[in-house]
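Structure first, then comments.
The values are calculated or read from the model by the stated rules, or taken from the named source; none is laboratory data. Note that this is a predicted model, so its numbers are computed, not measured. A quick note on method: Cβ atoms are made from the backbone with ideal geometry, for glycine too, and the neighbour counts reach across all protein chains shown. Quick note on the areas: whole protein, heavy atoms, side chains included, nothing else; ligands and nucleic acids left out. Shrake-Rupley method; radii C 1.70, N 1.55, O 1.52, S 1.80 Å.
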Amino acid sequence: MGCTRIFTPDDHRESMKSLGRNINQPAEPLTKERREAIREALHRSVASRTLMDILNKPEHPANPAVKNLLVKTIPSEMTREEIAQVPDAFRVILNDHPTAMGLFLAATKERAPGQSPVQHHYEIFSTAALVEKPHTTQSGKTLSIDNLDRLDFGMKMAADYTQPKRFGTIEADMLVTKKGFLGLVDEKTVGIDAKYSKTGDYSAKKTELERQIEGIRKGFGDGKLDEFVFVTNRGFSPKFKEMVDEVNLKIVIEVIREKNIQLHEIPRELLTAEEKENQPSTPIPENIIKDKDAMSQLVSKYHISQIDLCEHVKFRDL
């Protein structure tokens with residue numbers, strides 16, 4: 001679908017001027033280079049709060065043109081209804097998270113290569129939806145992005161201790177760092193991956209999903225991630241859920257075996273009070289995984305990281 005309003009040279013000059021960029025020549029066609037130039041101008045305008053001031057004032061003369069610019073930063077195909085809501089979704093995010101990396105320009109490449117700015121409108125819509133209100137995940141947890149959280153987009157992390165050239169990253173469309181509270185709650189890092197479906201339940205290619213969830217499992221193991229949630233605007237297919245369940249089960253079995261080994265190798269009297277709290281006094285039977293409630297209690301007791309799912313995450317019912 002195309003935009004509901006033609007982006008004219010006058011629109012371009014007016015909006016770029018309002019963002020502090022002087023334009024003395026006609027606007028060029030919307031090429032990849034022009035989109036990048038628009039992203040750069042919007043990125044600079046965030047730091048000066050110019051962009052938020054314009055978006056928060058519908059009566060501002062530059063408001064329509066700047067909204068049109070925001071639409072132009074998104075390369076994915078959108079319906080007319082989605083195009084109309086893109087600027088407001090940006091506004092919701094920026095009002096709470098004006099320092100978010102990766103919104104218009106790619107974050108630094110220090111974590112891993114291949115990072116990119118937002119590429120799909122559902123990344124913006126799902127984030128705005130989670131900023132506006134909490135959602136309940138498949139496991140019954142609350143998923144939200146609060147104004148005190150650190151939010152960044154398009155983040156990638158090495159999936160292992162070394163970084164291969166290809167297929168060696170943990171991908172998170174949104175990375176949320178939830179701050180600890182007065183030392184009573186530990187800081188935690190939550191990866192969120194947005195999966196968009198035009199119609200029906202979302203289903204991924206088996207090899208791609210296997211690679212991604214294996215990277216997430218490794219990320220849990222070495223402490224890069226504490227939680228990871230796949231979100232979608234519709235539902236997840238049975239096969240998608242099955243593959244996630246399988247890797248979660250694998251994670252639990254690994255933890256059980258690790259704790260049983262530690263139980264035999266480390267005398268309990270040598271453990272600290274905190275270590276004793278996180279170590280069983282007797283071996284954990286592996287067949288506990290056959291009891292859903294017992295396994296759920298085990299996951300909760302020992303804070304075992306799991307991949308979670310959150311369905312029907314929509315911004316303004318889109």
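Here are the numbers for the structure shown:
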read-out	value
Subset of segment 49-66 [part of a loop (DSSP other than H, G, I, E, B) and open to solvent by 10 Å² or more (accessible area, probe 1.4 Å)]	ARG49, ASN56, LYS57, PRO58, GLU59, HIS60, PRO61
Selected residue (only one of GLU123, GLU110 is modelled with pLDDT of 95 or more and either open to solvent by 50 Å² or more (accessible area, probe 1.4 Å) or under 14 Å from the mean Cα position of the chain (by Cα) (or both))	GLU123
Residue check, ASP193 of a type in the set (D, E, K, R), in contact (Cβ under 8 Å) with a residue 24 or more places away in the chain and open to solvent by less than 50 Å² (accessible area, probe 1.4 Å)	yes
Residue in segment 291-302 that is within 30 Å of ALA84 (Cα to Cα) and of a type in the set (Asp, Glu) present	no
Qualifying residues in segment 225-234 (those that are in contact with a Ser or Thr (Cβ under 8 Å, 6 or more places away or on another chain) and of a type outside the set (Ser, Thr, Tyr)) - the one nearest to PHE125 (Cα to Cα)	ASN233
Candidates ILE284, ILE251, ILE304, filtered to the one that is part of a loop (DSSP other than H, G, I, E, B) and within 23 Å of the chain's Cα centre (by Cα)	ILE304
Selection from segment 67-84 of residues that are open to solvent by 10 Å² or more (accessible area, probe 1.4 Å), of a type in the set (Ser, Thr, Tyr) and closer than 21 Å to ALA37 by Cβ	SER76
